[in-house]
1. Work out how much length residue 86 to residue 261 would gain on full extension: take 0.36 nm times their residue separation and subtract the Cα-Cα distance, in nm to one decimal.
2. Name the residues whose placed amide hydrogens come within less than 5 Å of the amide hydrogen of residue 60, ignoring near sequence neighbours (fewer than 5 apart) on the same chain.
3. Name the long-range amide H neighbours of residue 5: under 5 Å, sequence gap of 5 or more, or other chain; modelled H, no Pro or chain starts.
4. Just the accessible area for residue 46, please: 1.4 Å probe, Å², rounded to the nearest 10?
5. Which distance in nm do the two modelled labels at residue 150 and residue 330 give, with both placed 7 Å along the Cα-to-Cβ direction?
6. Round to a whole number: what % of the accessible area of region 224-287 belongs to carbon and sulfur, probe 1.4 Å?
7. Subtracting the Cα-Cα distance from 0.36 nm times the residue separation, let me have the gained length for residue 223 to residue 247 in nm, one decimal.
8. How much accessible area per residue does region 108-207 have, in Å², with a 1.4 Å probe?
Amino acid sequence: SKYNAKSIVKAEAKSLKQVQPLEAQAEFTSDSMKNAIELQGIYYSELDNMFVNGLLKLVEGSHITKEDENKVLIHKGLAELNGLKLGDTISVGKSKIDDENTGESEQKVELTIAGIFDSEIKQEARMSSELIENVLFGSMDVVKELYEYTDETIGYSQANFYVNDVEELDSIIDKARASNLDWSMFKISGGGKKLDSVNDSVNSLDSIVSFILMGAIAIGFIILSLILAFWIQERIHETGILLSVGIEKRKIIYQYIIELLMIAVVAFGISYFSGGVVGKTVGTSLVREISEESTNSGVSDFESQDMETRLMEEKMKNIDVSVSFKEVIYVWIIGSATIVVSVIVASTSIIRLKPKEILSKMS
């Protein structure tokens with residue numbers, strides 16, 4: 001249905017101050033290393049996995065398209081550090097450290113800032129080159145012009161092809177593998193399988209949580225009903241007197257319910273704090289375990305530690321689960337409903353009797 005391609009190279013950006021990691025563990029001794037920046041030439045930045053997966057988000061301007069020329073997307077942190085805004089230009093040159101650079105060309109390209117992106121992920125890095133803040137997304141013509149590539153000689157680091165029907169993915173991959181290419185030089189994988197792996201893990205987590213919730217409700221209902229049955233039996237004398245003086249059965253049940261809900265309000269208040277701590281701890285542990293399973297099952301099967309992989313792993317390491325007040329309200333509603341039903345069930349054996357029958361049982 002559509003396609004995208006990316007060519008990742010090193011570029012030299014002497015005019016840019018790079019964002020530095022909080023605890024840098026290495027210092028560059030040469031200007032070439034110090035000024036080196038990662039340039040990702042791309043046809044459609046909106047289709048890049050990092051934007052699609054939500055690792056990155058465009059906050060200003062517009063995405064790069066195949067028709068753009070000399071356009072670039074920069075990180076919000078890099079823009080603020082260098083006082084840059086939409087429409088400004090930056091200059092990048094051919095890097096002296098890139099393997100593709102065999103000469104001493106002083107080739108430079110002026111790039112216009114078309115968009116500014118940001119990321120909520122806080123990276124732990126040893127060098128500035130490992131930070132997403134120091135990555136530029138440029139239109140593909142920039143890489144071609146900078147390294148004097150043609151359509152035939154440019155090397156693509158990654159190409160993504162999108163299918164109309166995911167059910168046809170495997171057969172399309174088989175057809176691609178049957179093409180006349182040297183597959184020792186290429187690696188092909190279906191994103192659908194990665195997505196299935198993540199979906200299976202998420203569905204498993206959802207099933208576990210649902211099972212725990214339903215189990216807790218069922219066990220709570222059974223235990224509460226048994227306790228209330230004994231509690232109401234102990235109040236059989238009170239119930240008989242209330243019935244004998246003409247108090248309606250439903251009002252007696254209302255009284256039981258109100259008494260228990262008054263106790264429940266205190267319990268709910270305590271549970272807001274204790275349940276939040278327990279829910280956060282257990283939930284975070286479960287989600288991280290699922291994340292590790294997804295990673296081990298091939299979600300991050302890149303052979304090299306590229307920026308996308310680093311961001312994804314950083315995101316998985318820092319997954320945090322919180323219990324919102326809205327979710328606590330749901331639990332309170334379920335708890336209150338459990339109390340009401342339990343009271344009705346437990347009091348049925350007494351309320352259905354007549355006052356004389358209750359007094360005879362007492363004697």
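The values are calculated or read from the model by the stated rules, or taken from the named source; none is laboratory data. Note that the coordinates shown come from a computational prediction; the quantities given were computed from them, not determined experimentally. Note: ideal-geometry Cβ built from the backbone for every residue, glycine included; neighbour counts use all protein chains shown. For the accessible areas, the whole protein counts, side chains as well, though only heavy atoms, and no ligand, DNA or RNA atoms are used. Shrake-Rupley method; radii C 1.70, N 1.55, O 1.52, S 1.80 Å.
1. Working: separation 175, 0.36 × 175 = 63.00 nm, distance 5.89 nm.
Between residue 86 and residue 261, full extension yields an extra 57.1 nm.
2. 116
3. 43, 44, 160
4. Roll a 1.4 Å probe over it and residue 46 shows about 120 Å².
5. Modelled inter-label distance: 6.0 nm.
6. Numbers: 2970 of 3990 Å².
With neighbouring chains kept in place, the figure for region 224-287 is 74 percent.
7. On the way: separation 24, 0.36 × 24 = 8.64 nm, distance 2.86 nm.
Roughly 5.8 nm would be gained on extension.
8. Details: 6010 Å² over 100 residues.
On a per-residue basis, 60 Å².
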